[in-house]
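Report on the following structure.
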Amino acid sequence: MNTFGFSDRTNALISQLTQFMEKHVYPVEFEYYDYLEKAENPWATHPIMESLKDKAKAEGLWNLFLPESDLGAGLTNLEYAPLAEIMGRVLWAPQVFNCNAPDTGNMEVLVKYGSDEQKEEWLTPLLNGDIRSAFAMTERDVASSDATNVRCSIEKEGNEYVINGRKWFTSGAMNERCKIMIVMGKTDPDNPDRHRQQSQILVPMDTPGVKIVRPLSTLGFYDPPLGHAEIIFDNARVPASHLILGEGRGFEIAQGRLGPGRIHHCMRLIGCAQRALEMMCQRANSRVAFGKRLSEQGSVREDIARSQCEIEQARLLTLMAADKMDRYDNKVAKNEIAMIKVVAPMMASQVIDRAIQVHGATGMTNDLFLAEAYTYARQIRLADGPDQVHMAALGKALIREYSD
């Protein structure tokens, strides 16, 4: 990894995190998957995870994602980028360091917008890694890429809010340690300002009226032990104090949440792609077909070279977006965030696909990390907004900027 421009502290963390991964994570990577595949309850936390989390805490490799906060490591987005990339090389590794989605986004919401009571009840155990959380925004029956479309209702009745609706792809909700959801719904559906109709509210998983319908797969992967759930809210009641920030502030919260979340996915995907490239090179140099190594085939060399170019381009754009977020804010950096959200998942999909091709049929099996990494990359082309939404917003902004 190119460490240009990073502070001494960041370079030290890069070295420390790399050594941690090599010593503790890579050796048990497939033992972890094998356990989940055979476990009676795949949504239970792997026993080895708690041991790894304790080791990460002891080394200070904990809550690295929170910028400008004394609750985490206090790293900037730019400083966090290479660390998230390293974690992204093993798909479940971010959990070890309490840096996995959707918990990171939910913790950021509570840090920025939560009341003291909400922070004490939910943020503290999340920061400690004692519980997990979920984020419920997407709905099957509407185009959820436009968050103003959500139909889930959040109605005030006395000192409570009553929630009715159906959500799906609620990330993290299948995990047995998931105790709290942030739910996006409408408190004021008739407000003429479509961006003031929505609110976000904290809903404990054990709330009467909350029913998990089923886990959902993406390209055949169920992503245990976190998972994605389809959930019904049937007159689920929570105290009015569970509303975050205030009525009509849901869209505002979503925008504040999704900026960092989008770039974190991109950082991790660069790690996935980088590892896929390294595996591609190793495979090409060891596999013989038609009397010579694959590395001597011109088409394979071109795929490797093209992949390296694309990874470096995406890495630089990610770092530029992170730097702009740090120096200004997420809103000022919205174009750069949109660009990298389009570029990084597409790049990772292409690079991982090439690596699968070089590995042949083995590349599509669970014997390697490539198949699930490809699923993750393809999923992120939809998660946190599909490519088309980001390109439309970016194009509109650029036309306005250069037409004035």
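The values are calculated or read from the model by the stated rules, or taken from the named source; none is laboratory data. Keep in mind it's a predicted model, so treat the numbers as computed, not measured. Here the Cβ positions follow ideal geometry from the backbone for every residue, glycine too, while neighbour counts run over all protein chains shown.
Within region 88-118, track down each residue that is among the aliphatic types (A, V, I, L, M), closer than 18 Å to residue 259 by Cα and assigned to a helix (DSSP H, G or I).
107, 109, 110, 111
Out of 383, 373, which single residue is part of a helix (DSSP H, G or I), touching a residue at least 60 places away in the same chain (Cβ under 8 Å) and closer than 16 Å to residue 267 by Cα?
Going through 383, 373 in turn, the sole match is 373.
Results for (1) surrounded by 12 or more Cβ atoms within 10 Å (Cβ to Cβ); (2) touching a helix residue (DSSP H, G or I) at 6+ places or on another chain (Cβ under 9 Å); (3) among the hydrophobic types (A, V, I, L, M, F, W, C), shown as yes or no for each residue.
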site: 24; (1), (2), (3): yes, yes, no
site: 29; (1), (2), (3): yes, yes, no
site: 37; (1), (2), (3): no, no, no
site: 48; (1), (2), (3): yes, yes, yes
site: 56; (1), (2), (3): yes, yes, yes
site: 60; (1), (2), (3): no, yes, no
site: 63; (1), (2), (3): yes, yes, no
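Please list, ordered by first then second residue, the pairs with beta carbon atoms under 6 Å, 6 or more apart or interchain, first in region 328-350 and outside any helix (DSSP H, G or I), second of a type outside the set (Gly, Ala, Ser).
Qualifying pairs under 6 Å: 333/324; 333/325.
Being touching a residue at least 40 places away in the same chain (Cβ under 8 Å), outside the structural domain of residue 365 (by TED's automatic domain parsing) and more than 17 Å from the chain's Cα centre (by Cα), is that true of even one residue in region 93-108?
So far as region 93-108 goes, no, none of its residues is touching a residue at least 40 places away in the same chain (Cβ under 8 Å), outside the structural domain of residue 365 (by TED's automatic domain parsing) and more than 17 Å from the chain's Cα centre (by Cα).
Being without any contact (Cβ under 8 Å) to a residue 12 or more places away in the chain and either out of contact with any Gly (no Cβ under 9 Å at 6 or more places or on another chain) or loosely packed, with under 14 Cβ neighbours inside 10 Å (or both): is that true of residue 115 here?
Taking the combined requirement at face value, the residue does not satisfy it.
Identify, by number, the condition in (1) of a type outside the set (Lys, Arg); (2) in a helix (DSSP H, G or I); (3) in contact with a Cys (Cβ under 8 Å, 6 or more places away or on another chain) that residue 139 doesn't meet.
Among (1) of a type outside the set (Lys, Arg); (2) in a helix (DSSP H, G or I); (3) in contact with a Cys (Cβ under 8 Å, 6 or more places away or on another chain), the lone unmet condition for residue 139 is (2).
Residue-by-condition table, conditions (1) modelled with pLDDT of 95 or more; (2) of a type in the set (Phe, Trp, Tyr); (3) assigned by TED's automatic domain parsing to the domain that holds residue 47; (4) more than 18 Å from residue 114 (Cβ to Cβ):
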| site | (1), (2), (3), (4) |
| --- | --- |
| 143 | no, no, no, yes |
| 154 | yes, no, no, no |
| 158 | yes, no, no, yes |
| 170 | yes, no, no, yes |
| 173 | yes, no, no, yes |
| 191 | yes, no, no, yes |
| 210 | yes, no, no, yes |
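Could you check region 173-250 for strands (runs of 3 or more DSSP E) lying wholly inside it with 3 or more residues that are crowded, with 20+ Cβ neighbours inside 10 Å and β-branched (Val, Ile, Thr)?
Passing ranges, in order: 178-186.
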